[in-house]
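**Student:** There's a structure below that I have some questions on.
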Amino acid sequence: MSNSVTKVTRRSWFDRLGASIKGVLIGAVLFLVSFVVLWWNEGRAVKTAAGLSQLRVEVVSADPARIDPANEGRAVHLTGNATTAETLTDAEFGIAVPAIRLRRQAEMYQWHEESRTEERRKTGGGSEQVTTYDYKRVWSDRAIPSDRFQRAAEHANPGPLRVESRDATAGDVTLGAFRLSPALVGQMTNFEPLTISESEAAIREQFDDRVVLAGNTVYLPFSPDGPLPEPGSPKIGDLKVEFSTVQPAVVSLIARQVQGTFEPWRAVSGTAFERLALGTISADEMIGRMESENTMLTWALRLGGFAMMAFGIGMVLAPVAVVADVLPILGDLTRMGTGLFAMVVAAALSLATIAVAWLAYRPVLAIGLLVAGAALVVGLWTLARRRKTQLAAAAAPPPVPEG
């Protein structure tokens, strides 16, 4: 049985032109949405930065051993040992373990389809799309539908997982005299593999000994009466289940103190903060990390907005390249030109949008960005005029010598 298949699709010049014209609407929507993304991102970034600046000034250090009424409603920073007296259970597997969090990760061995497409443009404007579908066996924590595979009959997946992944979290996690909020407990993600040797007897009993244990992994057949899995040579439909826990650990947090527990602290700007980190970390360092995260997210969304705008402009101009594809080399040159135009215009408009969005927040920087955007446009316009003059001079006939 082959694990790859190739499909060839031929489209006429009119088909391609029609598809590109339909794409103009999508491109226009992306173009407009990019302005919204860029504008919203700048407001979000400035509000978050202002909130963190306020938090740096107002946060106070608190003693986790006692609840100080003077800190009620204030932003506090604490460091201490997060712990619980609860025992978490997974009744389906007969596992019981003292822990803050217990995670079951279930995966099934399945077929996965990957595709890659190569387009070959033909003289006259038509094209030939060659799509290759590759099939690989993978462990996945979700059921992969195979009914739409190109070769569904040869690569059929059995269906839903017999057991699903799940998380259990202790309801009473304390840090000294305080009780952690569910949101803070959810930020404790230091999972470590759970040794299941002590639970082996219970696991085998739960599944009538129709399991295979290898290390800390439980292997199950797809159906209760199916052939047992072989860990080194899994079959489609085999399942594997692994367990991990979050144990008590030293943590640091910043949040609003409310009646012996915590909730998000909200700044004047409207931004809320409720943060936990592993280890002994000062308030300044925690806030510094959040400032760095804000900066990285801001630039990521700026680049995303720019890319969305450039892609949208490219889709709007796509019919021009398709028309030029009557001669493939002419289409390639046109596509390069429209792509460069889209990037330049998107860069200029992105800078202008960012600058205008900042006028209400940081006018000095906004003016600088506007100047940079204007300089880019003027520079490109000057370069284009100079190039036009050079081309006109080169095309002019040479002067006729006198005499």
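**Student:** Would you mention how many residues in segment 33-59 are exposed (fewer than 13 other Cβ atoms within 10 Å of the Cβ) and assigned by TED's automatic domain parsing to the domain that holds Gly314?
**Tutor:** Qualifying residue count for the region: 1.
**Student:** Just one of Ala342, Ala355, Ala348 is in contact with a Leu (Cβ under 7 Å, 6 or more places away or on another chain), of a type in the set (A, V, I, L, M), in the same structural domain as Val36 (by TED's automatic domain parsing) and farther than 25 Å from Arg44 by Cβ; which is it?
**Tutor:** Matching residue, one of Ala342, Ala355, Ala348: Ala342.
Conditions tested, residue by residue: (1) part of a strand (DSSP E or B); (2) touching a residue at least 40 places away in the same chain (Cβ under 8 Å).
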residue: Ala168; (1), (2): yes, yes
residue: Val185; (1), (2): no, yes
residue: Thr189; (1), (2): no, yes
residue: Glu205; (1), (2): no, yes
residue: Ser233; (1), (2): no, no
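**Student:** If you scan segment 312-331, which residues turn out to be assigned to a helix (DSSP H, G or I), surrounded by fewer than 18 Cβ atoms within 10 Å (Cβ to Cβ) and in contact (Cβ under 8 Å) with a residue 40 or more places away in the chain?
**Tutor:** Those that are assigned to a helix (DSSP H, G or I), surrounded by fewer than 18 Cβ atoms within 10 Å (Cβ to Cβ) and in contact (Cβ under 8 Å) with a residue 40 or more places away in the chain: Val323, Pro328.
**Student:** Now, a different point. Out of the residues in segment 86-107 that are surrounded by 15 or more Cβ atoms within 10 Å (Cβ to Cβ) and β-branched (Val, Ile, Thr), state the one that is nearest to Glu200 (Cα to Cα).
**Tutor:** This residue is Ile95.
**Student:** Looking at Ile281 and the list (1) part of a loop (DSSP other than H, G, I, E, B); (2) more than 23 Å from Leu175 (Cβ to Cβ), which single condition is not satisfied?
**Tutor:** Ile281 satisfies every listed condition except (2).
Residue by residue, here is whether (1) assigned by TED's automatic domain parsing to the domain that holds Pro224; (2) small (Gly, Ala, Ser); (3) modelled with pLDDT under 95; (4) not in a strand (DSSP E or B) holds:
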position	(1), (2), (3), (4)
Gly73	no, yes, no, yes
Gln105	yes, no, no, no
His112	yes, no, no, no
Glu119	yes, no, yes, no
Val138	yes, no, no, no
Phe149	yes, no, yes, yes
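**Student:** With the condition kept exactly as written, say whether any residue in segment 23-31 is within 30 Å of Arg151 (Cβ to Cβ) and surrounded by 13 or more Cβ atoms within 10 Å (Cβ to Cβ).
**Tutor:** Yes, segment 23-31 has at least one match.
**Student:** Among the residues of segment 296-309, count how many are over 13 Å from Val33 (Cβ atoms) and hydrophobic (A, V, I, L, M, F, W, C).
**Tutor:** Final tally of qualifying residues: 5.
**Student:** Here is a check on your reading of the model: is Leu370 at pLDDT 75 or above, assigned to a helix (DSSP H, G or I) and either within 25 Å of Ala318 (Cβ to Cβ) or assigned by TED's automatic domain parsing to the domain that holds Glu42 (or both)? Spell out the reasoning first.
**Tutor:** Details: at pLDDT 75 or above: no; assigned to a helix (DSSP H, G or I): yes; either within 25 Å of Ala318 (Cβ to Cβ) or assigned by TED's automatic domain parsing to the domain that holds Glu42 (or both): yes.
When the stated conditions are applied, Leu370 does not pass them.
**Student:** Return yes or no: is Val97 in a strand (DSSP E or B), assigned by TED's automatic domain parsing to the domain that holds Ser223, at pLDDT 90 or above and closer than 18 Å to Asn3 by Cβ? Even if it seems obvious, please write down each step before you answer.
**Tutor:** On the way: in a strand (DSSP E or B): yes; assigned by TED's automatic domain parsing to the domain that holds Ser223: yes; at pLDDT 90 or above: yes; closer than 18 Å to Asn3 by Cβ: no.
Taking the combined requirement at face value, the residue does not satisfy it.
**Student:** May I pose another question? Tell me which residues, restricted to segment 69-85, are farther than 30 Å from Ala202 by Cα and either hydrophobic (A, V, I, L, M, F, W, C) or free of Cβ contacts under 8 Å to residues at least 12 places away in the same chain (or both).
**Tutor:** Across segment 69-85, the qualifying residues are Pro69, Ala70, Ala75, Val76, Leu78.
**Student:** Among the residues of segment 327-357, which ones are within 29 Å of the chain's Cα centre (by Cα), among the β-branched types (Val, Ile, Thr) and over 15 Å from Leu317 (Cα atoms)?
**Tutor:** Thr353, Ile354, Val356 - these are the residues of segment 327-357 that are within 29 Å of the chain's Cα centre (by Cα), among the β-branched types (Val, Ile, Thr) and over 15 Å from Leu317 (Cα atoms).
**Student:** Please state which one of Glu58, Glu118, Glu113 is of a type in the set (Asp, Glu) and either out of contact with any strand residue (DSSP E or B) (no Cβ under 9 Å at 6 or more places or on another chain) or in contact (Cβ under 8 Å) with a residue 40 or more places away in the chain (or both).
**Tutor:** Testing whether each residue is of a type in the set (Asp, Glu) and either out of contact with any strand residue (DSSP E or B) (no Cβ under 9 Å at 6 or more places or on another chain) or in contact (Cβ under 8 Å) with a residue 40 or more places away in the chain (or both) leaves just Glu113.
**Student:** Touching a residue at least 24 places away in the same chain (Cβ under 8 Å) and part of a strand (DSSP E or B): is that true of Leu88 in this structure?
**Tutor:** In short, yes.
**Student:** If Ile254 passes every condition in (1) assigned to a strand (DSSP E or B); (2) surrounded by fewer than 19 Cβ atoms within 10 Å (Cβ to Cβ); (3) among the aliphatic types (A, V, I, L, M) but one, which one does it miss?
**Tutor:** (2)
**Student:** Check Trp265, Trp299 and return the single one that is among the aromatic types (Phe, Trp, Tyr), surrounded by fewer than 17 Cβ atoms within 10 Å (Cβ to Cβ) and outside the structural domain of Ser165 (by TED's automatic domain parsing).
**Tutor:** Working: Trp265 fails: surrounded by fewer than 17 Cβ atoms within 10 Å (Cβ to Cβ).
None of the others qualify; the one that does is Trp299.
**Student:** What is the residue count in segment 50-68 for residues that are of a type outside the set (Ser, Thr, Tyr), at pLDDT 95 or above and assigned to a helix (DSSP H, G or I)?
**Tutor:** Counting residues in segment 50-68 that are of a type outside the set (Ser, Thr, Tyr), at pLDDT 95 or above and assigned to a helix (DSSP H, G or I) gives 7.
**Student:** When you scan segment 26-49, do you find a residue that is within 32 Å of the chain's Cα centre (by Cα) and under 16 Å from Ala283 (Cα atoms), even just one?
**Tutor:** Looking through segment 26-49, at least one residue is within 32 Å of the chain's Cα centre (by Cα) and under 16 Å from Ala283 (Cα atoms).
The values are calculated or read from the model by the stated rules, or taken from the named source; none is laboratory data. A quick note: this is a predicted structure, and the numbers were derived from the prediction, not measured. Note that we place each Cβ from the backbone using ideal geometry, even for glycine, and neighbour counts take in every protein chain shown.
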